[in-house]
Amino acid sequence: MNDTLLQERIIDKRIRWLMLWRVVLVTILFSYTTFIKLQKTDFFPEISLTQLYIIFTVTYALSILYLCIHKFRFIKNPKVNIYIQSFFDVMLITGLVYATGGVSSIYSVLYPLVIIYAVLFLEKRGGLIIATFSSILYGLLMDLEYYRIIHPIYSTTFYKHDLGGAYVFSQIAIHVLSFYIIVFLASFVVEQEKKTRILLAEKETAFDQLGLLHRSIIESVDTGIMTINLQGMIKSFNRAAEEITGFSFAEVDNRNILELFPPFREIQEKITKEDHKSSTRNRYNMEFTGNDDRKLILGCSVSNLRDHKGKRIGDIVIFQNLTSIIKMEKSLEKSRRLAIIGEMAAGLAHEMRNPLASLGGSIQILKKDLNLNPVDERLMQIVLRGKEQLDNIIKDFLLLARPSPGKKEAVVIKEIIEDIVESIKLVPDWNDNIEISLSLSDYESIQANRTEMKEVLWNLILNAVQAMNDGGVLTIETKNILSGDATGEYLELKIGDTGYGIDEKNMDMIFEPFFTTKESGTGLGLAIVNRIVEGYGGTIRFENSGGSGTTCVVVFPFYK
């Protein structure tokens with residue numbers, strides 16, 4: 001459909017040019033005739049000039065008529081329009097030849113112009129029709145003059161001598177032959193031009209399809225691709241790049257890459273120092289803040305962009321979002337460390353627990369049998385507390401490293417929380433200025449071991465209490481949350497405090513074994529909590545609450 005409309009526009013434009021050049025040619029002839037008349041020469045008699053003016057006037061009138069027909073589409077088919085113009089042009093040229101000397105007129109050279117444009121618009125068939133019509137009218141005019149049925153307008157009498165039959169015949173033969181030769185030559189040129197145009201159109205279409213294919217490939221890959229020129233200005237930005245960064249191409253077009261990717265300056269410096277070859281693709285990691293303020297880690301490679309002559313015109317930057325992969329690597333590293341700790345814990349339990357039990361029992365017996373002075377009594381208590389602390393560490397090791405074989409049952413979280421809230425008020429870290437706010441859903445149960453759930457909730461609530469040395473608000477909330485198209489599939493537990501919060505630089509390490517910011521802590525409490533929660537298919541995270549305080553969010557699947 002688009003090709004048809006384009007072809008119609010081309011033909012429409014050509015018809016307008018044809019009408020314009022006809023008017024230009026007639027105007028030139030009209031000006032020349034007027035000039036001859038003003039010179040008062042005998043080149044054309046008065047009667048001949050009058051006929052010329054009539055022909056010019058008719059041509060102007062017909063041109064106006066052609067324009068109206070074309071503009072208002074009185075004739076829908078453009079070929080019919082061209083046939084009408086061609087026939088009238090041939091008749092007007094024949095009249096012009098008759099008015100300017102007949103067989104001796106030089107204006108017979110105008111016939112080929114009509115034949116040529118007939119071939120251009122009507123192809124070979126139309127050209128042959130117009131050539132035949134021109135041959136008939138010119139031959140008829142010559143024959144009428146030869147047989148003295150008519151005589152040239154500029155002469156009031158017949159030729160003073162008879163026209164030679166051979167001369168008239170040769171004139172007719174030369175003109176008719178030239179008409180048909182022009183048809184075939186013009187047809188050949190038009191056909192070649194048409195073939196060339198079709199070939200160019202096919203190549204252009206193939207080139208467009210190839211460009212579209214290349215663009216589709218670039219837009220379909222899940223890897224971000226952008227190109228920059230030698231000045232560092234971004235010139236292309238594919239769909240994946242938009243999704244990764246959150247910026248659209250309109251937002252980054254012709255912007256310097258350092259505005260969008262400030263860490264890229266370091267990569268450029270590394271490339272310069274390495275003095276890499278053009279065929280080498282170097283991979284780098286850089287931190288990036290997306291348009292939605294997300295913190296991302298991007299892995300990118302940089303290679304030279306060259307033109308068809310091999311000259312470097314910029315760089316191609318290919319990048320991927322490695323944030324989840326790096327988090328997964330950290331998680332695997334943590335699992336590996338936990339596995340090592342598990343092996344160590346099993347060994348410690350086997351090698352230390354029995355000797356510690358013997359040591360503790362022996363000390364208790366000695367304490368009863370010996371009459372110790374106050375100083376020795378205090379030292380004995382220190383030894384017993386150290387033994388108890390070692391027992392707790394070994395117990396935490398086992399709880400962290402080994403899955404609990406305890407029986408799972410339907411555990412109502414609300415009941416455990418209410419028990420712990422009452423018990424937590426008896427610990428030394430409790431502050432009477434702490435206010436407790438509970439918002440607990442009723443009868444929500446999960447499939448878990450009750451002892452482990454108490455361990456999780458006790459650790460989290462105790463951490464919240466210890467974070468509020470000067471008092472504050474302890475908030476505990478449970479509610480149903482949505483997961484996909486299901487409703488009530490997960491239970492969300494939030495434990496919040498108004499304490500000093502967690503330093504952002506420590507946020508990624510709080511679940512690491514032995515990591516603690518407390519003077520008396522072992523750094524195993526949250527590691528144990530994280531292991532238990534993940535064992536039940538849940539998730540746990542900490543969020544700083546604006547200016548002060550921390551909220552722990554734990555998500556468990558419901559027991560069904």
The simple spin-label model distance between residue 539 and residue 151, using points 7 Å out along Cα→Cβ, in nm, is 11.2
Ranked output for segments 431-440, 504-513 by mean other Cβ atoms within 10 Å, highest leading, reads 504-513, 431-440
When the charge dipole of the range 222-321 is computed with +1 on Lys and Arg Cβ and -1 on Asp and Glu Cβ about the Cα centre, the Cα farthest towards its positive end, among 226, 305, 318, belongs to 305
Under the Karplus relation with 6.51, -1.76 and 1.60 and θ = phi - 60°, whole-Hz ³J(HN,Hα) for the range 59-67, x at Gly and Pro, equal 5, 4, 5, 5, 4, 5, 5, 4, 5
With R₀ set to 45 angstrom, the calculated FRET efficiency between the beta-carbons of residue 466 and residue 283, to the nearest 0.05, is 0.50
A student applying the Cα gyration tensor rule (rounded when a/c is under 1.5; otherwise prolate if a/b is larger than b/c, oblate if not) would label the range 2-199 oblate
If amide H atoms are modeled at 1.01 Å from N in the peptide plane, then the residues at a separation of 5 or more from residue 101, or on another chain, having amide H under 5 Å from its own are 153, 154
Among 535, 491, 464, the residue whose Cα sits farthest towards the positive end of the charge dipole of the range 409-557, when +1 is placed on the Cβ of each Lys and Arg and -1 on the Cβ of each Asp and Glu, is 535
Note, the range 414-423: 3J(HN,Hα) by Karplus (6.51, -1.76, 1.60, θ = phi - 60°), whole Hz, Gly/Pro = x, goes 4, 5, 5, 4, 5, 5, 5, 4, 6, 6
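Throughout, read-outs are computed from the coordinates displayed, never taken from laboratory work. The structure presented is a predicted model; accordingly, all values stated were derived computationally and were not measured. Counting neighbours? That spans all protein chains shown, and the Cβs are built from the backbone with ideal geometry, glycine included.
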